[in-house]
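The values are calculated or read from the model by the stated rules, or taken from the named source; none is laboratory data. Note that the structure is a prediction, hence the values are computed from the model and not measured. Neighbour counts are summed over all protein chains in view; Cβ atoms, including those assigned to glycine, are modelled from backbone coordinates with ideal geometry.
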Amino acid sequence: DQQVKQNSPSLSVQEGRISILNCDYTNSMFDYFLWYKKYPAEGPTFLISISSIKDKNEDGRFTVFLNKSAKHLSLHIVPSQPGDSAVYFCAGGLYNFNKFYFGSGTKLNVKP
Amino acid sequence: DAGVIQSPRHEVTEMGQEVTLRCKPISGHDYLFWYRQTMMRGLELLIYFNNNVPIDDSGMPEDRFSAKMPNASFSTLKIQPSEPRDSAVYFCASSLRGVLGNTIYFGEGSWLTVV
């Protein structure tokens, strides 16, 4: 039973436009969330995180929004660049236990 | 700085054989994780250690899987006997709790194919 779900396996966006990647979770106890980016043949790399005490965290072109009541988070990339093409994983978990559950990933393709 | 180092990068083995995957975490990190990536389930947490002690192995799929961490700089994930459905990418990751918001650093993965 997956506790973190990414229902869109793929997303295609034009360069310069906004990419929105979505993620849902089932465990209302989760208090910390992460986004990772993964290129082919490489390990996932950390992108951005958000604590449940916030509803938004921004880092350059990347912004993560958290809606606790809906158990939903999203990653916005503005503007999207071809180099952003990768698989994006979201993860949620309990900060004090340092245990995180990952979604199945969304493959983003940014077209030039 | 060296990241998480995994070996082998690629392994092809026959069903029934023993497979051992190895991991060297980032020096100083006190958490080590083993994940498995499949198309259907994405990244699944198999087991994780804190200060070399297994904390949660509830993600280990079967008794055929075992993991050890004999010291702070080395861990193994063993599959015996291996089956075709074990074919996946296995990632090792480490983190230092409290630093950079519990950022988990992943290795490049071990691509396992069981035929």
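Here are some notes:
- Inclusion of A:L11 among residues that are surrounded by fewer than 19 Cβ atoms within 10 Å (Cβ to Cβ) and either in a strand (DSSP E or B) or within 15 Å of the chain's Cα centre (by Cα) (or both) is warranted.
- Subset of segment A:72-97 (residues that are touching a residue at least 12 places away in the same chain (Cβ under 8 Å), aromatic (F, W, Y) and over 14 Å from A:I48 (Cα atoms)): A:Y95
- Condition met for A:G92 (over 25 Å from A:V13 (Cα atoms), surrounded by 13 or more Cβ atoms within 10 Å (Cβ to Cβ) and within 12 Å of the chain's Cα centre (by Cα)): yes
- Output for segment A:55-104, where each listed residue is closer than 18 Å to B:Y105 by Cβ and part of a loop (DSSP other than H, G, I, E, B): A:N98
- Residue within segment B:89-101 that is under 11 Å from the mean Cα position of the chain (by Cα) and either among the β-branched types (V, I, T) or farther than 23 Å from A:N98 by Cβ (or both) present: yes
- Residue in segment B:49-69 that is buried (at least 21 other Cβ atoms within 10 Å of the Cβ) and at pLDDT below 95 present: yes
- Among the candidates A:L21, A:L47, the residue that is outside any loop (DSSP other than H, G, I, E, B) and away from chain B (no Cβ under 11 Å) is uniquely A:L21.
- Filtered residues of segment A:32-63 (kept if touching a Phe, Trp or Tyr at 6+ places or on another chain (Cβ under 6 Å), more than 25 Å from B:V89 (Cα to Cα) and buried (at least 17 other Cβ atoms within 10 Å of the Cβ)): A:Y32, A:I50
- Boolean, B:E11 is surrounded by 13 or more Cβ atoms within 10 Å (Cβ to Cβ), touching a residue at least 12 places away in the same chain (Cβ under 8 Å) and within 14 Å of chain A (Cβ to nearest Cβ): no
- Answer residue from segment A:70-85, given it is buried (at least 16 other Cβ atoms within 10 Å of the Cβ) and among the hydrophobic types (A, V, I, L, M, F, W, C) and is farthest from A:W35 (Cα to Cα) among those: A:I77
- Residue in segment B:85-92 that is away from chain A (no Cβ under 14 Å), within 22 Å of A:P40 (Cβ to Cβ), surrounded by fewer than 19 Cβ atoms within 10 Å (Cβ to Cβ) and not charged (D, E, K, R) present: yes
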